[in-house]
Amino acid sequence: MKNFQCHLTIIVLFLVSFTHQGTAQDESLFDVSYDVQRVYQPLAISRTQLVEAKTVQDLNEHYKEVWIKEYLSVEVVTLINDESQKVVGKNGKLNDAQLNNLTMADPGSEISVNVRYIPNNDLKRNDIKEINFSFTVDPEKKASYIGGIEKMQNYIKEKATDRISDDRFQQYHLSAVKFTIDEEGHIADAHVLESSKDEKVDEILLETVCNMDQWEPAKYSNGMKVKQQFVLTAGDLNSCVINLLGIRR
């Protein structure tokens, strides 16, 4: 009986050890990557999307026509030559005046849409509701690293990747340094958005961003230059943090 218990204990210990090793091996199987990506505004559309828009839903992908039982008014507010312009429509289809003001809106300005409606439900008391949202139109030319992506990747490899050991990162962990490219193409407001929990790593990543060469700033078709935000990420791109950065993969 004692021999049987002894053998059973050995088997259990072996299985626990094997499982632990397998888990440890699985946890080590992830790619450490370094990348620079643009940070997008919560609600922004391209110039092409604006020009092709026909309905309120075309201006906001999160807006749903099925919410509406009856429209009372749809107000579109734009800034044209620095003056606020408001056009009211009757339903979710944008009228000619609204469409004209949308295309004439000052580059980089915020456009607001205010919808008053009766909700699509079966409640006995169906009160009037409002949906309000604002959006911007992306510049036709986004900010870009002078010399191209390959040159930037080589710079990041030299200044960050080659100086940071992969074992400094854990699975599902991502470090991020957020920064702005201003109207002159200079780096501004660089800061650690998500820490690696290693001061030396954070220091290297922040230094890498701050010492970058000048960029070409973002620009609208009329030549107006605007700020644009980016983020340098390092670590495991499978981290849930990636969903909080405002980037598009």
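The values are calculated or read from the model by the stated rules, or taken from the named source; none is laboratory data. Just so we're clear, the structure is a prediction, and the values are computed from it rather than from any experiment. Virtual Cβ from ideal backbone geometry, glycine too; neighbours counted across all protein chains shown.
What to note about this one:
- The set of residues in the stretch 217-232 being of a type outside the set (A, V, I, L, M) and closer than 23 Å to R249 by Cβ consists of K227, Q228, Q229, F230.
- Residues that are β-branched (V, I, T) and more than 30 Å from G223 (Cβ to Cβ) were ranked within the stretch 178-209; the one that is surrounded by the most Cβ atoms within 10 Å (Cβ to Cβ) is T208.
- Residue in the stretch 139-146 that is closer than 20 Å to D236 by Cα and in the same structural domain as K227 (by TED's automatic domain parsing) present: no
- Condition check for R116: surrounded by fewer than 17 Cβ atoms within 10 Å (Cβ to Cβ), at pLDDT below 95, more than 30 Å from M224 (Cα to Cα) and of a type in the set (K, R): no
- The set of residues in the stretch 52-64 that are in contact with a helix residue (DSSP H, G or I) (Cβ under 6 Å, 6 or more places away or on another chain) and modelled with pLDDT under 95 is empty.
- Considering (1) of a type outside the set (A, V, I, L, M, F, W, C); (2) at pLDDT below 95; (3) closer than 15 Å to V241 by Cβ, the lone condition that E199 does not fulfil carries the number (3).
- Top-ranked residue in the stretch 154-177 [being among the polar types (S, T, N, Q) and within 13 Å of T233 (Cβ to Cβ); ranked as surrounded by the most Cβ atoms within 10 Å (Cβ to Cβ)]: S175
- Scanning the stretch 215-249 for residues that are crowded, with 17+ Cβ neighbours inside 10 Å and of a type in the set (G, A, S) returns A218, A234, G235, S239.
- Check on D26, part of a helix (DSSP H, G or I), at pLDDT below 95 and among the acidic types (D, E): yes
Here's the yes/no breakdown for (1) touching a residue at least 24 places away in the same chain (Cβ under 8 Å); (2) more than 27 Å from the chain's Cα centre (by Cα); (3) not assigned by TED's automatic domain parsing to the domain that holds W215:
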{"position": "E110", "(1), (2), (3)": "yes, no, yes"}
{"position": "D122", "(1), (2), (3)": "no, yes, yes"}
{"position": "R163", "(1), (2), (3)": "yes, yes, no"}
{"position": "I181", "(1), (2), (3)": "yes, no, no"}
{"position": "E184", "(1), (2), (3)": "yes, no, no"}
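- Residues (in a loop (DSSP other than H, G, I, E, B), surrounded by 13 or more Cβ atoms within 10 Å (Cβ to Cβ) and either touching an Asp or Glu at 6+ places or on another chain (Cβ under 7 Å) or modelled with pLDDT under 95 (or both)) located in the stretch 65-100: G92
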